[in-house]
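The values are calculated or read from the model by the stated rules, or taken from the named source; none is laboratory data. Since this is a predicted model, take the numbers as computed values, not measurements. Note: ideal-geometry Cβ built from the backbone for every residue, glycine included; neighbour counts use all protein chains shown. Each accessible area value is taken on the protein alone, full model and side chains, heavy atoms only, with ligands, DNA and RNA left out. Shrake-Rupley method; radii C 1.70, N 1.55, O 1.52, S 1.80 Å.
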Amino acid sequence: MPLFYMELALGQYNREGAATVWKICPVFKGVGYAVILIALYVGFYYNVIIAWSLYYLFSSFTFELPWTNCDNSWNSPNCTDPKLFNASVLGNGTKYSKYKLTPAAEFYERGVLHLHESRGIHDLGLPRWQLSLCLLVVVIILFFSLWKGVKTSGKVVWITATLPYVVLFVLLIHGITLPGAYNGINAYLHIDFRRLKEATVWIDAATQIFYSLGAGFGVLIAFASYNKFDNNCYRDALLTSTINCVTSFISGFAIFSILGYMAHEHKVKIEDVATEGAGLVFILYPEAISTLSGSTFWAVVFFIMLLTLGIDSSMGGMEAVITGLADDFQILKQHRKLFTFGVSFGTFLLALFCITNGGIYVLTLLDTFAAGTSILFAVLMEAIGVSWFYGVDRFSEDIQQMMGFKPGLYWRLCWKFVSPAFLLFVVIVSIINFKPLTYDDYTFPLWANRIGWGIALSSMILVPAYIIYKFMNVRGTFKEVSGTLIKCHEMLLELMQVFLLCSSLISECLKKLNSQDRPRC
């Protein structure tokens, strides 16, 4: 929330995008370029997920949903009719969520992705024409939503941001009436405090909240730059982030009521049904919908919700790229429509790699590396640049000019100490705990992991690279240049001392987590 507030205030006060907003501290302009590149990477694969939703939506307009039985051309001989399914079919401790022989799983992996025709990330094949058309429709919608800036996107968002609430409410009401829903909700509200000692839980939570709130992608800075100068962005930060988190919490009831229903139907445990990511959205939820009366209606409603949610999020990411670069390069600003078309068409071409037979492997690679550790690092540097170099006091004065009051002690302490320390912890732990990439039973080759880290580093390296570039181009006498470098060097030393202290505390704490000295940790 403090970082959300920081980005809104930055964009609103300076009236600039993610790159040019760093006129407050030019040496950190590389942070702006980093978040723009990250937003661009996310656009490459995020639009593919929206295209899947559109494909599912088209496929739902039938009397019998195509993922309800094993009588289709894409089904394998081992496909298991869900009506005949019971826990004994699984065997070997396999969870139902990982069982890939159900009609819903085979429709997703064989009917939509054609994953069975690929041997791995080295064997991609050609783009699927059905998904290519869906992707093209998505990109066209995005282009016409963004080509005139906030004049058009501001109108489109009235539909894409409000319709999901209506659909979510309808799905929630229906979900809690299903048999087994109570068990699902009970599992959702159960808290296992022992899991809090696992570093991966904190990494997942941090990454999720950045995706959910949009902090770090340049989206908030871009949109806030169009605000009135005296707009109360403090109220916006509190209200928006609170509504966002409450929405996430409520949506959990809609999801877990369905998971409880699935567990009840197949007579398995909730934890055997629960999963994350594409498996939840494109396999388990559609399968649950297919068992309901009026399944076609529920499927259409659900995928319309996914489509609008996806377009809404993608609009924000692309606006961050367009506004960020257009504010930095006047020629792009003068030809915004053409530049918007170029960004849209560019993301379409690169997204084609994700809709091949082995495209899910490319998508998994990008999803893991494009905006994982890199986005956390970028926001860490953003917090350092604003709080330590530009200065919390100056930043607070800027906010006072806009709204007539300074931020309280809580916000200033978070900006300068708490947020950077927590982000540093998460970045370090995410690197330490990295495991070779996998997708179900497929393990990515070493070269693919190296490409992934190359993608992550390609955005992170922009921060130090721009600092070096800026210092090499500092003009003035030797004395002036030396004074500037010495001043920055002193600040960096002070900052490094804080980081070394934090790092040693984190390292000591991680060791104690594996010992008996947890209370002290």
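Can you run down the residue pairs with Cβ atoms below 9 Å, 6 or more apart or on separate chains, where the first is in segment 191-203 and closer than 17 Å to Glu271 by Cβ and without any contact (Cβ under 8 Å) to a residue 60 or more places away in the chain and the partner is open to solvent by less than 100 Å² (accessible area, probe 1.4 Å) and part of a helix (DSSP H, G or I)?
Filtered contacts from segment 191-203: Arg195/Val201; Glu198/Leu513.
Quick check, is Ile289 buried (at least 20 other Cβ atoms within 10 Å of the Cβ), of a type in the set (A, V, I, L, M) and modelled with pLDDT under 90?
Yes: the conditions hold for Ile289.
I'm trying to understand the selection: among the residues of segment 329-387, which are under 19 Å from the mean Cα position of the chain (by Cα) and not in a helix (DSSP H, G or I)?
If the condition is that a residue be under 19 Å from the mean Cα position of the chain (by Cα) and not in a helix (DSSP H, G or I), then Ala370, Ala371, Gly372 are the ones that fit.
I want to confirm something. Restricting to segment 10-29 and keeping residues that are charged (D, E, K, R) and assigned to a helix (DSSP H, G or I), which single residue is farthest from Phe229 (Cα to Cα)?
Within segment 10-29, the first condition is being charged (D, E, K, R), and the residues that meet it are 15-16, 23, 29.
Subsequent filtering for residues that are assigned to a helix (DSSP H, G or I) retains 23, 29.
Values: Lys23: 17, Lys29: 23 Å.
Checking each candidate, the answer is Lys29.
Here are the criteria: (1) over 25 Å from Lys23 (Cα atoms); (2) in contact (Cβ under 8 Å) with a residue 12 or more places away in the chain; (3) of a type in the set (Ser, Thr, Tyr). Tell me which single one Ser387 does not satisfy.
(1)
Which residue pairs have Cβ atoms closer than 8 Å, lie 6 or more positions apart in sequence or on different chains, and pair a first residue in segment 225-243 that is within 21 Å of Trp22 (Cα to Cα) and part of a loop (DSSP other than H, G, I, E, B) with a second residue that is of a type outside the set (S, T, N, Q) and open to solvent by 60 Å² or more (accessible area, probe 1.4 Å)?
Within 8 Å, the pairs are Ser225/Arg15; Phe229/Arg15.
Filter segment 429-468 for residues that are surrounded by 18 or more Cβ atoms within 10 Å (Cβ to Cβ) and in a loop (DSSP other than H, G, I, E, B) and give the result.
Correct list: Leu437, Phe444.
Just checking, which of Phe58, Phe4, Phe44, Phe63 is on the phi < 0 side of the Ramachandran plot and assigned to a loop (DSSP other than H, G, I, E, B)?
When all the criteria are applied, what remains is Phe63.
Return the pairs, sorted by first residue and then second, in which the second residue is crowded, with 18+ Cβ neighbours inside 10 Å and among the polar types (S, T, N, Q), the first residue lies in segment 19-33 and is under 15 Å from Phe389 (Cα atoms), the beta carbons are less than 9 Å apart, and the residues are 6+ apart or on different chains.
Hits for this filter: Val21/Asn14; Val21/Ser225; Trp22/Asn14; Lys23/Asn14; Ile24/Asn14; Lys29/Thr20.
Is it fair to say Gly404 is out of contact with any Phe, Trp or Tyr (no Cβ under 9 Å at 6 or more places or on another chain), small (Gly, Ala, Ser), modelled with pLDDT under 95 and open to solvent by 20 Å² or more (accessible area, probe 1.4 Å)?
Yes.
Within segment 320-339, which residues are out of contact with any Phe, Trp or Tyr (no Cβ under 7 Å at 6 or more places or on another chain) and open to solvent by less than 10 Å² (accessible area, probe 1.4 Å)? Show your work before the answer.
We begin by selecting, within segment 320-339, every residue out of contact with any Phe, Trp or Tyr (no Cβ under 7 Å at 6 or more places or on another chain); these are 321, 323-325, 327-331, 333-336, 338-339.
Hits for segment 320-339 are Val321, Thr323, Gly324.
Condition first: polar (S, T, N, Q) and in contact with a Ser or Thr (Cβ under 7 Å, 6 or more places away or on another chain). Now tell me which residues in segment 226-282 satisfy that.
Hits for segment 226-282 are Asn244, Ser248, Thr275.
For segment 407-418, give me each residue that is part of a helix (DSSP H, G or I), open to solvent by less than 80 Å² (accessible area, probe 1.4 Å) and out of contact with any Ser or Thr (no Cβ under 8 Å at 6 or more places or on another chain).
Once the filter is applied, which keeps residues that are part of a helix (DSSP H, G or I), open to solvent by less than 80 Å² (accessible area, probe 1.4 Å) and out of contact with any Ser or Thr (no Cβ under 8 Å at 6 or more places or on another chain), segment 407-418 yields Trp411, Leu413, Cys414.
Which condition number does Ser225 fail, the rest of (1) hydroxyl-bearing (Ser, Thr, Tyr); (2) open to solvent by less than 60 Å² (accessible area, probe 1.4 Å); (3) over 18 Å from Met6 (Cβ atoms) being met?
Exception for Ser225: condition (3).
Please go through segment 220-238 and give me each residue that is more than 19 Å from Trp411 (Cα to Cα) and not aliphatic (A, V, I, L, M), ordered by number.
Matches in segment 220-238: Phe223, Ser225, Tyr226, Asn227, Lys228, Phe229, Asp230.
Kindly evaluate Phe210 against the criterion of being outside any helix (DSSP H, G or I), in contact with a helix residue (DSSP H, G or I) (Cβ under 7 Å, 6 or more places away or on another chain) and touching a residue at least 12 places away in the same chain (Cβ under 8 Å).
In short, no.
For residues that are buried (at least 22 other Cβ atoms within 10 Å of the Cβ) and of a type in the set (A, V, I, L, M), scanning just segment 344-361, find the one that is farthest from Gly111 (Cα to Cα).
The qualifying residue farthest from Gly111 (Cα to Cα) is Ala351.
Do any helices (runs of 4 or more DSSP H) lying entirely in segment 93-199 carry at least 2 residues that are more than 30 Å from Gly17 (Cα to Cα) and open to solvent by 40 Å² or more (accessible area, probe 1.4 Å), and which ones are they?
By residue number, 129-146, 163-175, 181-189.
Which condition number does Ile311 fail, the rest of (1) surrounded by 20 or more Cβ atoms within 10 Å (Cβ to Cβ); (2) outside any helix (DSSP H, G or I); (3) out of contact with any Phe, Trp or Tyr (no Cβ under 9 Å at 6 or more places or on another chain) being met?
With (1) surrounded by 20 or more Cβ atoms within 10 Å (Cβ to Cβ); (2) outside any helix (DSSP H, G or I); (3) out of contact with any Phe, Trp or Tyr (no Cβ under 9 Å at 6 or more places or on another chain) applied to Ile311, the lone miss is (2).
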